[in-house]
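The values are calculated or read from the model by the stated rules, or taken from the named source; none is laboratory data. What you are looking at is a predicted structure, and each value in this text was computed from that prediction instead of being measured. Methodologically, a virtual Cβ is constructed for each residue, glycine included, from the backbone with ideal geometry; neighbour enumeration extends over all protein chains shown. When the accessible area is computed, the model is the full protein with side chains, heavy atoms only, and any ligands, DNA or RNA have been set aside. Shrake-Rupley method; radii C 1.70, N 1.55, O 1.52, S 1.80 Å.
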Amino acid sequence: MIKTIHCNEIIQAVADLCLQANLELPRDVQNAIEKAKNKEQCALAKEMLEQIQKNHSIAKEQSLPLCQDTGTAVVFLEIGQDVHIDGGLLYDAIQQGVAQGYQEHYLRKSIVSHPWLRTNTKNNTPAIIHSEIVAGDHLKITLAPKGGGAENMSSLKMLTPAAGVEGIKKFVIQTVKEAGPNPCPPIVVGVGIGGNFEKSALLAKKALLRPIGSRNPQEENARLEEELYQKINALGIGIQGFGGNTTALAVHVETYPCHIASMPVAVNINCHVARHKTVIL
Amino acid sequence: MPISLHTPFETTDLLPLKSGDQVTISGIIYTARDTAHKKMTQLLEEGKELPLPIQGAVIYYAGPCPTPPGKIIGSVGPTTSGRMDSYTPAMIQAGLKGMIGKGKRSLEVQRACQEQKAVYFATIGGAAALMAGCVKSARVIAYPELGAEAIYELEVENLPAVVVDDCYGNDLYERQDQLSSPS
Ligand code: SF4
């Protein structure tokens, strides 16, 4: 059976997601911050975590965005192959929803139309859209506003197979260390390994959407997640770079088969305002 | 208990501060980002007057969200201070006493803080609704055409911050680096 979804419904859903994602963090992120606060040894860092939680309550009560950088709108689509879109083009509807959401809800517009000519597009479009065709008759839309501070500290390297898993660890740790206080720690670290150049980057970004506390189902990957998590938190960067034992709330690793000659590694860093919100139509 | 500070700053207000101290800042502060800094340092070079009273002033590196109806200001957290580094020594020379932002500063800025007795504070990146709650009044005083990057005069009450670079050449981030790097 084919299910028909009208563009107007998509526009409205996306506009709503823009607001919701920017006002309230997913439960798992909130829990991770609470857990970090209870564990934190450094008094200054503990106080900073309390202020972060206070920010969550004020944002919710006052309907103000958690962070003034309401980000690039990154949209992940899961399109069931039994879905028919009516009334226009799917991608146009997504862009219109983002434009409407950012304008109506007083979110900051941070997108410029050209990398060095830099004229603001004034409605935060274009969004960056990643889509996947899946089985079923649903349309799943996830909106993840991504701030510039943390995105700027992300990195990708084409390692050779000889570098091995040690080379991967070294690169991830080095990226986090160099980022220091700039991505607004505590951070979430998404690591994409394998595939090719662009696949690794996409894996890293998608890894940021996984619930905090979840482990990659493949044992070796889960082990790497745990080891990186321990090592990153031993760096002592801490909340906002002020020191202490919470630098990362989570490290998520995703892998994919790759060419005999390569071993791409992408590290995408997210700040503690690890926003994403999903709706299923 | 955080140390409570009132703007504009005098050197004597800043001498007791040590990197790592928690403070709250109240009084008038001014927002400015990259473009506003570029314009202001240009004015200084030309010997012209700045759009804000620079003696003892505090600049907040921030570009707020649009102000929703019925609110004083939109969310207004700190931006990365390092982007202002190249302009900052001249601003300190002209009388700037305090800066609020997030992240590391250059050695030149740290040195200027030490020599001219100015202080760099950090607030929590991402705690922008909390910061908005500290703002009691807001108005654009220069460069309205820059939108979020215009210069706002903000009256703040108990804005929480941490001393990063004090007047004695100490840097909070560097101290953490030394504590944490075994090799
Ligand atoms: S990195 Fe995140 S928390 Fe920091 S300013 Fe950007 S969006 Fe906000």
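For chain B, calculate the relative contact order in percent as a whole number, restricting contacts to Cα pairs under 8 Å that are 6 or more residues apart.
Contact order relative to length: 29 percent.
In a shell of Cβ-Cβ distance under 12 Å around A:Gly97, excluding A:Gly97 itself, what net charge do Lys and Arg (+1) and Asp and Glu (-1) give?
Result for the local shell: -4.
Kirkwood-based Rg over Rh for the protein assembly as shown (C-alpha set), two decimals?
My calculation of the ratio gives 0.98.
What ³J(HN,Hα) values, in whole Hz, does the Karplus curve 6.51 cos²θ - 1.76 cosθ + 1.60 give for segment A:99-112 when θ = phi - 60°, with x put for Gly and Pro?
With coefficients 6.51, -1.76 and 1.60, one gets 4, 5, x, 6, 6, 5, 9, 6, 8, 6, 9, 10, 9, 10 Hz.
Can you give the accessible area of A:His114 in Å² (nearest 10), computed on protein heavy atoms with a 1.4 Å probe?
60 Å²
Helix-only estimate, please: 222 nm mean residue ellipticity of chain B, summing -39500 (n - 2.57) across DSSP H runs of length 4 or more and dividing by its residues, to the nearest 500.
So the calculated ellipticity at 222 nm is -7000 deg cm²/dmol.
Name all residues of segment A:129-172 having a backbone nitrogen under 19 Å from the label point set 7 Å from the Cα of A:Cys258 along its Cα→Cβ direction, giving them as ranges.
So the set is A:154-172.
Considering Cα pairs under 8 angstrom that are at least six residues apart, work out the relative contact order of segment A:1-108 and quote it in whole percent.
Worked out over segment A:1-108, it gives 56 percent.
With Cβ to Cβ distances under 11 Å as the rule, what net charge do the other residues near A:Ile52 carry (K, R +1; D, E -1)?
Its environment carries a net charge of 0.
Between B:Tyr60 and residues 5 or more places away or on another chain, which pairs have amide H atoms under 5 Å apart, with H built 1.01 Å from N, and which residues are they?
Here B:Tyr30, B:Thr31, B:Ala32, B:Ile100 satisfy the definition.
From the phi angles alone, apply the Karplus equation (6.51, -1.76, 1.60; θ = phi - 60°) to segment B:129-136 and give each ³J(HN,Hα) in whole Hz, x where the residue is Gly or Pro.
6, 4, 5, 4, x, 8, 8, 9
Please work out the average accessible area per residue across chain A, using the 1.4 Å probe convention, and give it in Å².
44 Å²
For chain A, can you list the cysteines whose C-beta has no other cysteine C-beta under 4.7 Å from it?
A:Cys7, A:Cys18, A:Cys42, A:Cys67, A:Cys258
Find the relative contact order for chain A and round it to a whole percent, using C-alpha pairs within less than 8 Å whose residues are 6+ positions apart.
The normalised contact order for chain A reaches 26 percent.
So how far apart, in nm, are the two label points at A:Leu281 and A:Glu132 if each is 7 Å from Cα heading toward Cβ?
Here the answer is 2.0 nm between the modelled labels.
Label A:Arg223 and B:Ile28 with points 7 Å out from Cα along Cα→Cβ: what is the distance between them in nm?
6.4 nm
Given a 1.4 Å probe and the protein chains all in place, what does the accessible area of A:Glu254 round to, in Å² to the nearest 10?
About 50 Å², ignoring ligands and nucleic acids.
Among DSSP bridges having both ends in segment A:149-274, what percentage is antiparallel? Round to the nearest 5.
50 percent
Name the aspartates and glutamates eligible as straight-distance cross-link partners of A:Lys177: C-alpha to C-alpha under 19 Å, and not fewer than 8 places from it in the same chain.
Within the straight-line cut-off, A:Lys177 pairs with A:Glu151, A:Glu166, A:Glu225, A:Glu226, A:Glu227, B:Asp171, B:Glu174, B:Asp177.
Explain nothing, just compute: Karplus ³J(HN,Hα) = 6.51 cos²θ - 1.76 cosθ + 1.60, θ = phi - 60°, for every residue of segment A:198-213 in order, whole Hz, x for Gly and Pro.
Rounded to whole hertz, the list is 7, 5, 5, 5, 5, 4, 5, 5, 5, 4, 5, 7, 5, x, 5, x.
In segment A:58-85, which residues have a backbone nitrogen under 20 Å from the label point lying 7 Å from A:Lys140's Cα in the Cα-to-Cβ direction?
Once the point is set 7 Å along Cα→Cβ of A:Lys140, A:74-85 turn out to lie under 20 Å by backbone N, inside segment A:58-85.
Carbon and sulfur: what percent of the protein assembly as shown's accessible surface (1.4 Å probe)?
Roughly 52 percent of what the probe reaches on the protein assembly as shown is carbon or sulfur.
Could you name the lysines in cross-link range of A:Lys140, using Cα to Cα under 20 Å and dropping any fewer than eight places away on the same chain?
Partners found: A:Lys3, A:Lys205, A:Lys206, A:Lys277.
So which residues in segment B:44-66 end up with at least 50 square angstrom less accessible surface once the other protein chains are there, compared with the chain by itself, probe 1.4 angstrom?
Checking the loss per residue gives B:Cys65, B:Pro66.
Leaving ligands and nucleic acids out of the surface, order B:Ile72, B:Ile124, A:Ile237 by accessible area at 1.4 Å, largest first.
My answer, sorted largest first, is B:Ile72, A:Ile237, B:Ile124.
Tell me: how much accessible area in total is hidden between A and B, 1.4 Å probe, Å², nearest 100?
2700 Å²
Is there a quick way to get the dipole size of chain A? I mean about its Cα centre, with the Cβ of Lys and Arg at +1 and of Asp and Glu at -1; what is the value in debye to the nearest 20?
Around 660 debye, computed over chain A.
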